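Structure, as structure tokens:
No value in this document is a laboratory result; all are computed from the given coordinates. Nothing here was measured: the structure is a model prediction, and the numbers come from that model. Neighbour counts run over all protein chains shown; Cβ positions are idealised from the backbone, glycine included.
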Amino acid sequence: MLRKPLAVIRMGFAYVFVVIATGFLGASAIVLALINPKMPMINRVIRTWGRVALFFGAVKVTVVGADLLDPDGSYMLISNHQSAMDPPIHAAKLPVSVRFLAKKELFKFPIFGRAMRAVGMVETDRRAGIAGHRAINQQVARVMELEKSLIIYPEGTRTRDGDLRTFKKGAFRIAIDNDLPIVPLTLHGAFEAWPPGSRVCWGGPVTMVIHEPIPTHGLAASDIESLLEQTRDIMATTLARLQAEAG
């Protein structure tokens with residue numbers, strides 16, 4: 001009976017502390033990036049932001065398959081999108097340093113937006129067409145230069161029922177254009193921890209499965225559809241298994 005009021009109280013504290021942490025850590029990231037954009041401390045700042053959000057969200061993450069990735073490698077990470085807690089989960093728990101593909105509206109927030117640009121987050125404008133695709137590839141080249149990995153949610157928006165939605169092709173085109181291996185990531189439990197539309201993060205256990213990287217070297221635009229289907233099948237099969245195990 002106390003779960004709901006306790007969760008509401010915890011979320012009140014969470015909003016305050018996460019906003020404060022975002023401002024402080026964002027300012028720190030800007031300063032560090034100006035000194036040296038490859039400074040390892042920047043990655044610690046990003047991980048700390050994720051850990052703060054997980055702590056106040058009462059989310060506990062189990063990672064499966066971390067040993068499949070080279071911590072110094074660059075990958076295109078493809079994840080299902082279950083909740084607003086997904087980015088903190090990935091920032092805090094992935095064994096590689098990540099940068100996110102984010103819509104341009106997020107870059108308008110003071111400090112936060114400037115920090116995102118400073119550390120190499122990739123800005124996207126869905127209405128920009130071919131010019132926007134070229135701009136994304138230029139930013140992805142910088143991510144690779146920084147020896148980081150890019151994470152994209154190809155569903156485009158969060159699931160409304162916990163199941164996997166249709167994938168968009170953009171992430172796979174970017175991976176092929178930039179010769180980045182694709183790594184499917186399957187999240188389970190984040191939907192229950194913070195359902196879309198809820199103002200309260202209920203918290204709870206989340207599992208993140210890291211799958212074997214899929215090479216894209218030598219692939220062309222004609223391979224996008226099969227690459228998309230291969231990736232989605234891996235994630236759909238794993239998500240169904242995790243849902244069945246959870247009962």
>> Between Arg160 and Leu106, how high is the FRET efficiency from 1/(1 + (r/R0)^6) when r is the Cβ-Cβ distance and R₀ = 25 Å? Nearest 0.05.
In response: 0.75
> Quick one: Cα convex hull volume of the stretch 3-246, Å³ per residue?
Replying inline: 119
>> What are the equivalent ellipsoid semi-axes of the stretch 57-186, built from the alpha-carbon gyration tensor (square roots of five times its eigenvalues), in whole angstrom, biggest first?
In response: 21, 18, 16
> Size of the dipole of the chain about the Cα centre, Lys and Arg at +1 and Asp and Glu at -1 on the beta carbon, nothing else charged, in debye to 20?
Replying inline: 1160
> What is the extension gain from Phe24 to Arg134, computed as 0.36 nm multiplied by their sequence separation minus the C-alpha to C-alpha distance, in nm to one decimal?
Replying inline: 36.3 nm
> How much length, in nm to one decimal, is gained on full extension between Arg114 and Leu68, taken as 0.36 nm per residue of separation minus their Cα-Cα distance?
Replying inline: 13.3 nm
>> Please identify the DSSP H helices in the chain that span no less than 20 Å along the helix axis (Cα) and have a mean Kyte-Doolittle hydropathy of 0.5 or more.
In response: 3-35, 40-57
> What does the charge add up to near Ala84, with Lys and Arg as +1, Asp and Glu as -1, over the other residues with Cβ less than 11 Å from its Cβ?
Replying inline: +1
> What number comes out for the charge environment of Ala21, summing +1 per Lys or Arg and -1 per Asp or Glu over other residues with Cβ under 13 Å away?
Replying inline: +2
>> Just to confirm a number: summing +1 for Lys and Arg and -1 for Asp and Glu over residues other than Gly113 whose beta-carbon lies under 13 angstrom from that of Gly113, what do you get?
In response: +3
> Using 0.36 nm per residue, how much length does the chain from Asp125 to Asp179 gain when fully extended, once their Cα-Cα distance is taken away?
Replying inline: 17.2 nm
